[in-house]
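This report refers to the structure that appears directly beneath it.
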Amino acid sequence: MTRGGPMDILAHYVMKAPADQNVMDLFDGEWSSKLPEDLGLVTRPGFAKLFEDARVIWAERQLGGFANANVLELGPLECGHTFMLQQRGARSITSIEANSRAFLKCLCVKHLLGLERANLLLGDFVAFLRDNKTKFDLVFASGVLYHMQQPMELLDLICKSADRLFIWTHYYDEQSVASNSELAKKFSEPQIGEYEGFEYRFAQQAYNAALDWSGFCGGPESHSRWLSRRTILDFLAFRGFDVSIGFEQTDQPNGPAFALSAKRQ
């Protein structure tokens, strides 16, 4: 093999003075999150302020705080919410990430920010939850439900794992999709499904061009299923949860979304 080819091991040496920015630059162009300003570190494109997310502060208030809680976090992405959960007193955070490059970014952030209470696991959180016997104090599931092939199974597994839940997710709304031509290209016609006797409404969405980005942070398949708003709320009530809704955006370019804090009655 000639040097300079795609497998050239010499290209992976960092020949600069050691610096935290070198760690960020390992994934240059792949970052979704913007790190806290006081760190002085640049993440590109780094558009999402997940290390200072108002949704986490809202969930903390709605759910009675995170202090001393054993938290299960699904899909930490780049550990922005992990960072905030530790800041707010969580005793332990079990964070499970299936995207191997996102997992490596999480390890970098854990190293730089000293997230000693976070236990980062690489793998499928659905497979973990199917075998899980531990009852957590809180499940934190931001940005994962709408990436699932079987979202009803995940929602049910989450309900079985804790009596306090935080979920942020997109949902399918026929009117919102129809009014956005770019969004409409991604979706099939809505369908009716059944999960353990519970009837639910969903539509299949395709990632399309999003799969071309090296920082892609969706699901493991080329498509996923989005549940309807009513389905999500009805199922949580069916499983005995009182739900509060926040941060709802019906006109978001990527599709309608909301945050849910849920406590079992």
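The values are calculated or read from the model by the stated rules, or taken from the named source; none is laboratory data. Here the structure is a predicted model, which is why all the values come from computation and not from measurement. Cβ: placed from backbone, ideal geometry, glycine included. Neighbour counts: every protein chain shown.
So, in the stretch 249-262, how many residues would count as being more than 23 Å from E78 (Cα to Cα) and surrounded by fewer than 17 Cβ atoms within 10 Å (Cβ to Cβ)?
Total satisfying the criteria: 3.
What are the residue pairs meeting all of these: first residue in the stretch 102-113, first residue more than 17 Å from L74 (Cα to Cα), second residue surrounded by fewer than 16 Cβ atoms within 10 Å (Cβ to Cβ) and at pLDDT 95 or above, Cβ atoms under 8 Å, and 6 or more apart or on different chains?
What qualifies is C108/L26; L112/D20.
Sort out which residues of the stretch 70-93 are surrounded by 21 or more Cβ atoms within 10 Å (Cβ to Cβ), over 12 Å from S33 (Cβ atoms) and not aliphatic (A, V, I, L, M), and write them in order of number. Can you show your working first?
Taking the stretch 70-93 and keeping what is surrounded by 21 or more Cβ atoms within 10 Å (Cβ to Cβ), we get 71-86, 90, 93.
Right, trim to over 12 Å from S33 (Cβ atoms) and you get 71-75, 85-86, 90, 93.
Of everything in the stretch 70-93, those that are surrounded by 21 or more Cβ atoms within 10 Å (Cβ to Cβ), over 12 Å from S33 (Cβ atoms) and not aliphatic (A, V, I, L, M) turn out to be E73, G75, Q86.
Please go through the stretch 194-220 and give me each residue that is more than 30 Å from S100 (Cβ to Cβ) and surrounded by 12 or more Cβ atoms within 10 Å (Cβ to Cβ), ordered by number.
Listed by number, the residues that qualify are F198, Y200, R201.
Among (1) assigned to a helix (DSSP H, G or I); (2) closer than 22 Å to H81 by Cβ; (3) at pLDDT below 95, there is one condition Q252 misses while meeting the rest; what is its number?
(1)
Among all residue pairs at least 6 apart or on different chains, which show Cβ distances below 8 Å where the first residue, located in the stretch 35-64, is touching a residue at least 60 places away in the same chain (Cβ under 8 Å) and part of a helix (DSSP H, G or I) and the second is surrounded by fewer than 17 Cβ atoms within 10 Å (Cβ to Cβ) and small (G, A, S)?
Close Cβ pairs satisfying both conditions: R55/G246; W58/G246; Q62/S244; Q62/G246.
State yes or no: is L77 in a loop (DSSP other than H, G, I, E, B), closer than 23 Å to D20 by Cα and under 18 Å from the mean Cα position of the chain (by Cα)? Please lay out each step first, then the result.
Values: in a loop (DSSP other than H, G, I, E, B): yes; closer than 23 Å to D20 by Cα: yes; under 18 Å from the mean Cα position of the chain (by Cα): yes.
The answer is yes for L77.
Any residue at all in the stretch 199-212 that's under 30 Å from F66 (Cα atoms) and under 17 Å from the mean Cα position of the chain (by Cα)? Step through it out loud before you land on a result.
Step one: list which residues in the stretch 199-212 are under 30 Å from F66 (Cα atoms), which gives none.
The answer is no; no qualifying residue exists.
Out of all the residues in the stretch 17-62, which are over 19 Å from the mean Cα position of the chain (by Cα) and closer than 30 Å to K135 by Cβ?
Listed by number, the residues that qualify are R61, Q62.
Is the stretch 220-233 home to any residue that is assigned to a helix (DSSP H, G or I), of a type in the set (A, V, I, L, M, F, W, C) and without any contact (Cβ under 8 Å) to a residue 40 or more places away in the chain?
Kept after step one, since they are assigned to a helix (DSSP H, G or I), are these residues of the stretch 220-233: 229-233.
Those still in the list that are of a type in the set (A, V, I, L, M, F, W, C) too: 232-233.
Now drop any that are not without any contact (Cβ under 8 Å) to a residue 40 or more places away in the chain, which leaves 233.
Yes, that holds for at least one residue.
Conditions tested, residue by residue: (1) surrounded by fewer than 19 Cβ atoms within 10 Å (Cβ to Cβ); (2) under 18 Å from L227 (Cα atoms); (3) modelled with pLDDT under 95; (4) not charged (D, E, K, R).
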{"site": "E97", "(1), (2), (3), (4)": "no, no, no, no"}
{"site": "L107", "(1), (2), (3), (4)": "yes, no, no, yes"}
{"site": "K110", "(1), (2), (3), (4)": "no, no, no, no"}
{"site": "E116", "(1), (2), (3), (4)": "yes, no, no, no"}
{"site": "L121", "(1), (2), (3), (4)": "yes, no, no, yes"}
{"site": "A127", "(1), (2), (3), (4)": "yes, no, no, yes"}
{"site": "F140", "(1), (2), (3), (4)": "no, no, no, yes"}
{"site": "P151", "(1), (2), (3), (4)": "no, yes, no, yes"}
{"site": "D156", "(1), (2), (3), (4)": "yes, yes, no, no"}
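Just to be sure before I move on: is I96 of a type outside the set (D, E, K, R), within 23 Å of C217 (Cβ to Cβ), touching a helix residue (DSSP H, G or I) at 6+ places or on another chain (Cβ under 7 Å) and not in a loop (DSSP other than H, G, I, E, B) in the structure I sent? Explain how you work it out, then say what you get.
Values: of a type outside the set (D, E, K, R): yes; within 23 Å of C217 (Cβ to Cβ): yes; touching a helix residue (DSSP H, G or I) at 6+ places or on another chain (Cβ under 7 Å): yes; not in a loop (DSSP other than H, G, I, E, B): yes.
So I96 fits the description; yes.
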